[in-house]
Structure formats: C-alpha cells, structure tokens
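Quick notes on the structure that follows.
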Amino acid sequence: MRKAAYLATACLAVFCAGPTLWGQTPSRVTNDNSDWWSVFNNGYLSAQQTNTQHRELDAETLRIVSIKVDVGEISKAQAKLGRTTIVTRGDAALARTQACYVTDDSNTHLVFEENGEGFGASFYLFTGGPSWHGSELCSRILLPSQQIQTANGLHLGLTPAQVEAVLGKPSTATPDKLTYDLEVKKKTPASELEKIRRRESAGMSEKDFLDSYGSSYVSSSVIAKFKAAKLVYLGVTTSQSFP
C-alpha cells in the first residue's frame, strides 16, 4: 500500500488526558501499541506488497452499518451508534485515532480508525482475540452482531468461499486468511481539486499544481481472518496519496 504522511502524536504516560474532540466526547492519548487488530500495529503497512491488484475496492465494502469508511467516519459513527471514548495512539507514521464499540450479545467489536492528516481510514470487525489496553473504553451497543455488516453483505461467520464471492480473487490466500491489496490511479474530482487549490496552490504554477494534485492513488486493503473456516476478523483500510 502506498504510504502517505501521517499525523505524529505522542504521550509519555501510558494513558493521559487528551484534548476534547468532537464536542464533549472524552478522549485519551497513549503510546501503547497493544491494539493487535490495527493494520498500523501488525507489520502489514511496513511489509512489501508484491501482489497488488490494480482495481478499486467496491464502495459497498467501505460502508458498514450505513457508515462510510472515510475521513470523518468517527463523527458519523458517534452520531449513529452513540458517543464513545476516542483513543489516539502511536506516533509518527503509525499514529491513529480510534473509536470502539462492542455488542452486548456476543462481545463483537467494531472499531473505526482514522489515520494521518486526513489521508486514510479503516474499520475492524472481530470477535475473540486478546484484550488490549483501552478495550475497557469501548462503548456497548444494542445492535445485534448479526446486523453488523458491510453494504455488500460481509459479516462475521462467512466462509472463505463466501468472502471471495463478494470480493473476488484475493491477492494472497492461506487456509486461515485472505488478503486483498488494491491500488488505482484516479483523476482528482474538480470539486476536490478546487478545495486543494485554495489550500495548497500559493506560489505554484498551474502546471506544477496539476502535476502534484491532478490525480491521486487510492489504495485499499481487506484482511479477512478465519477460525474453523468461519470469518472472525475483518479489517478494511483505504487511503489517498498524491504523486
């Protein structure tokens, strides 16, 4: 996956009070890396991807419980699912901000994650696995776990064949994991280009500006993990970077 610039955040304490985000939402800042489920903490982003597919991830895969995975998803999640403590952890290229929810019926976790200075976002849906520092801050939701799925029907409990039927051929596959690494170059929409022009074009010629921002790379990944041939972990990440 192509790398973008990410916002650096650090704290000397394991958990310290952070600034209030999204109104009066409680927040925490930590340098702890126990969030094993995050792609920013399992070596995936630093690994060389050799089987990248040059196609775009279906937009329906990027929508879960009617929330689009994109910049601002945490605010949207809180509007739909209720407020939860916002945790910011990591630093430099691995900084990430997370909002975690857990179901009452099966302890299924749904985590929304934004990373960097507006360049990328992720969601994670999983059941089981070890606890992590901050898991006690996840807010309980009444939504049944069976109803937590993407717009194209991805949900926990699916078989590898069922996941492939939705997403197509994976980039890599093992008996207990399917991985999709996707990247496509896209022309920057005129509306977005105008916003960037107002923010970034000072001192640039029109040619230099278009060379820098006229197109972007949209990179996406899907990691699906299975136990006893049933989906127990789904991680979806998307990011945008300019040449």
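A single entry from Ala161, Ala99 fulfils the requirement of being under 13 Å from the mean Cα position of the chain (by Cα) and either surrounded by 22 or more Cβ atoms within 10 Å (Cβ to Cβ) or free of Cβ contacts under 8 Å to residues at least 24 places away in the same chain (or both): Ala99.
Here Gly120 meets the list (1) at pLDDT 90 or above; (2) buried (at least 16 other Cβ atoms within 10 Å of the Cβ); (3) touching a Ser or Thr at 6+ places or on another chain (Cβ under 6 Å) almost entirely, failing just condition (1). Of all residues in the stretch 47-93, which are out of contact with any helix residue (DSSP H, G or I) (no Cβ under 8 Å at 6 or more places or on another chain), in a loop (DSSP other than H, G, I, E, B) and of a type in the set (Asp, Glu)? Correct list: Glu56, Asp91. A residue that is under 19 Å from Thr108 (Cβ atoms) and not β-branched (Val, Ile, Thr) occurs somewhere in the stretch 235-243.
Do we have any residue at all in the stretch 157-177 that's under 19 Å from Trp36 (Cβ atoms), out of contact with any Gly (no Cβ under 9 Å at 6 or more places or on another chain) and hydrophobic (A, V, I, L, M, F, W, C)? Steps first, please.
Kept after step one, since they are under 19 Å from Trp36 (Cβ atoms), are these residues of the stretch 157-177: 174, 176-177.
If we keep only those that are out of contact with any Gly (no Cβ under 9 Å at 6 or more places or on another chain) too, we end up with 174, 176-177.
From the residues that got through so far, the ones that are hydrophobic (A, V, I, L, M, F, W, C) too are none.
No, there is no match, as no residue in the stretch 157-177 is under 19 Å from Trp36 (Cβ atoms), out of contact with any Gly (no Cβ under 9 Å at 6 or more places or on another chain) and hydrophobic (A, V, I, L, M, F, W, C).
When we screen Leu154, Leu182, Leu231, Leu167 for residues that are in contact (Cβ under 8 Å) with a residue 24 or more places away in the chain, over 17 Å from Val69 (Cβ atoms) and surrounded by 16 or more Cβ atoms within 10 Å (Cβ to Cβ), the only hit is Leu231. For the stretch 170-179, enumerate the residues that are more than 17 Å from Leu125 (Cα to Cα) and surrounded by fewer than 19 Cβ atoms within 10 Å (Cβ to Cβ). Answer for the stretch 170-179, where residues must be more than 17 Å from Leu125 (Cα to Cα) and surrounded by fewer than 19 Cβ atoms within 10 Å (Cβ to Cβ): Ser171, Thr172, Ala173, Thr174, Pro175. When the stretch 129-139 is filtered for residues that are touching a Ser or Thr at 6+ places or on another chain (Cβ under 9 Å) and either surrounded by 16 or more Cβ atoms within 10 Å (Cβ to Cβ) or modelled with pLDDT under 95 (or both), the ones remaining, listed by number, are Pro130, Ser131, Trp132, His133, Gly134, Ser135, Leu137, Cys138.
The values are calculated or read from the model by the stated rules, or taken from the named source; none is laboratory data. The model shown is predicted, which means the values in this text are computed figures rather than measured ones. We place every Cβ from the backbone using ideal geometry, glycine too, and count neighbours over all the protein chains shown.
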